[in-house]
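The values are calculated or read from the model by the stated rules, or taken from the named source; none is laboratory data. Since the model is a prediction, treat every value here as computed from it, not as a measurement. All Cβ positions, glycine included, derive from the backbone under ideal geometry; neighbour counts span all protein chains shown. Note: areas computed on protein heavy atoms with side chains; ligands, DNA, RNA excluded. Shrake-Rupley method; radii C 1.70, N 1.55, O 1.52, S 1.80 Å.
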Amino acid sequence: MTPEEVGRRLVTLLAPVEATATVSGGQAYSRATVDVPPQQWRAALLAVRDDPELACDYFDWLSAVDELADGFDVVAHLWSTTHRHGVLLRTRAPRATPTVDSVVSVYPGAAWHERETHEMFGIDFAGHADLRPLLLPPEFEGHPLRKEFVLASRVAKPWPGAKEPGESEAGGGRRPIRPPGVPAPGEWGVVPTPAGAGGVGEGPRGGTPARPARERPARPAPGTRPPRTPRSAGPATDPAADGEEGTP
C-alpha cells in the first residue's frame, strides 16, 4: 500500500472519530502520518495492528515533541513486516495535564519508550505499571527535553549560537538563569592560582599551586666553548703489509 492508501485506510477504520491523514516528506521513505485525538490513542494503535490490510505487527519507536503552549505531540512509528509499509501515529496532549493511555498491552516493546518519554518530557501514560526513572538519577529534578528546561552548559560558558531576546548587546543583558542544583560559575571547581600566590586559590576547594618555572642551563658565551678536537687521519696503507711486492 502507498502512504496515501495507508492513511485513508486508518481514517476509515477509526470513523466516526475525527482523524487526519497526511504524508510526511522523504520521497521513497515517506510515511503516512495520522493525527488522532488523545482519547483514541490506544484504539488507533490497536486498529493498525489488527487490521489485515495494515497489519503493523512491529513496534519501532515512541517519543514526543514539545510544542510549548500547544502541548506535547506523542508520536509512534509502526511497521508491517508482511506488507512492508509503515505509519506514523500522532496525538497531542495538553500541556497542563499531559496524559495519554499506555499502549504496552498492545505493543509490549513500548514499555521502555514510554518510560523514557515520561522521564524526559513529563508525560504520563495511564495504565503503565512501571514509570520509574530510566536514564537519570532518582534525585534529578525537571524534564530535560522540555524547551523551558535551562541547559547547564549555558550557565558554564557563553552560548555559541544565536542569542535569545534580551541577550543582545543592543537590548542589554539579562540575569542568567541557573537550573536547580547547578552552582554559579564562581562556586564550583578549582580556580587556578596566579603565579606567586603560594597555592592559595579563590575557589571553595582551594586553588592549584603555581608550577615553578623550569630552569634551563645558561648558554656559554662565544669564545668560551672548548676547542673541537681535530679528527686524526688514519694510518697510511703499506703495499707490503697487504702482501703485495713492489716493482724491482
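Give, in nm to one decimal, the length gained when the segment between LYS147 and ARG219 is fully stretched (0.36 nm per residue of separation minus the Cα-Cα distance).
Stretched out fully, the LYS147 to ARG219 stretch lengthens by 19.7 nm.
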* Spin-label pair ASP73/ALA126, simplified geometry with 7 Å Cα→Cβ offset, distance in nm -> 2.4 nm
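What does the extension gain come out to for THR20 and LEU135, with contour length at 0.36 nm per residue minus their alpha carbon separation? Intermediate results must be reported in sequence, preceding the final value.
On the way: separation 115, 0.36 × 115 = 41.40 nm, distance 3.39 nm.
Gain on extension, THR20 to LEU135, equals 38.0 nm.
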* Asked: How much of the accessible area of region 1-129, in percent, comes from carbon and sulfur atoms when a 1.4 Å probe is used?
  -> 54 percent
* Structure fact -> If each K or R counts +1 and each D or E counts -1, the residues other than TYR58 whose Cβ falls under 15 Å of its Cβ total -1
* **Where labels lie 7 Å past Cα in the beta-carbon direction, separation of TRP61 and ALA96 in nm** => 3.3 nm
* ARG31 accessible area, nearest 10 Å², 1.4 Å probe? -> 50 Å²
* Local electrostatic count at LEU134 - Lys and Arg +1, Asp and Glu -1, tallied over other residues with Cβ under 14 Å -> -2
